[in-house]
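The structure appears right after this line, and notes come after that.
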Amino acid sequence: MSTDTAISRAVAEQFVERLGKQDQDGIQELFAPEIDWHVPGSDRLPWTGRRTRREEVAPYFTTMWPHYVPGKSQVVRERTIVEGGDVMLLATFSHTIAASGKKFTTPAALHLVIEDGQIARMHLYEDTLIVDQAFHGDGTD
């Protein structure tokens, strides 16, 4: 299975656009029925971990987004690199935590693999220590 660069770029652009609109259902429909999804993190962050089916995509966002103050999150995309079915999105995420008002920023990279016009793989690479500490302190609480 191979996907050309133009298709991969178009799918990635749709992903980013729908992410910006917080359209979890629209994001979910971009994914293949069976996926390799990984968002590293802590057991204390309920949205992190692995997912293997399209139906698990929208719940990721509906679980995560309520933890952030609406309108206070920012994603700054710095670069998109596309080669065949591989897409790397390099960005910086900034959020304000709803429960505490604490703000944090982390660099991030998303690796998408596009197969037959659908996202088959999404791995997020971010500074998970920054995220965990933003929510739970420095581990001494």
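Quick note: the coordinates plus some simple rules give every number you see, no bench work behind them. Note that this is a predicted model, so its numbers are computed, not measured. With ideal geometry, Cβ positions are generated from the backbone for all residues, glycine too; neighbour counts draw on all protein chains shown.
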- prompt: Of ALA12, ILE27, THR48, which is farthest on the positive side of the dipole of the stretch 1-65, counting Cα position, with +1 on Lys and Arg Cβ, -1 on Asp and Glu Cβ, and the Cα centre as origin?
  reply: THR48
message: If you build the convex hull over the alpha carbons only and average its shadow over all orientations, what do you get for the stretch 5-136? Give it in nm² to one decimal.
response: 7.0 nm²
message: Please give me, ordered by residue number, the chymotrypsin sites (Phe, Trp or Tyr not before Pro) of the stretch 1-45 that lie in loop per DSSP and have at most 12 other Cβ atoms within 10 Å.
response: none
task: Report the label-to-label distance for ARG9 and GLU56 in nanometres (one decimal), using points 7 Å from each Cα along the Cα→Cβ vector.
output: 3.2 nm
field: MRE, 222 nm, helices only [DSSP H, n ≥ 4, -39500 (n - 2.57), over the chain, to nearest 500]
entry: -8000 deg cm²/dmol
field: Virtual spin-label span in nm between GLU78 and LYS103, 7 Å along Cα→Cβ
entry: 1.9 nm
task: Report ³J(HN,Hα) in whole Hz for each residue of the stretch 60-73, in order, from the Karplus equation J = 6.51 cos²θ - 1.76 cosθ + 1.60 where θ = phi - 60°; Gly and Pro get x.
output: 4, 6, 6, 7, 7, 4, x, 7, 10, 5, x, x, 9, 8
query: Over the chain, what is the mean sequence separation of C-alpha contacts under 8 Å (at least six apart), divided by residue count, expressed as relative contact order in percent?
result: 26 percent
message: At most 14 other C-beta atoms within 10 Å and a DSSP loop state: those are the exposed trypsin sites (Lys or Arg not before Pro) I care about. Give me the longest piece of the chain that has none.
response: 103-141
query: Can you tell which of VAL113, LEU129, LEU90 lies farthest toward the positive end of the dipole of the chain, using +1 and -1 charges on the Cβ of basic and acidic side chains (Lys, Arg; Asp, Glu)?
result: LEU129
- request: Please give the FRET efficiency for TYR125 paired with LYS21, using the beta carbon to beta carbon distance and R0 = 22 Å, rounded to the nearest 0.05.
  value: 0.40
Cα-centred dipole magnitude for the chain, charges only on beta-carbon of K, R (+1) and D, E (-1), debye, nearest 20: 440 debye
query: What's the FRET efficiency of ASP116 with MET88 using the Cβ-Cβ distance as r and R₀ = 22 Å, to the nearest 0.05?
result: 0.65
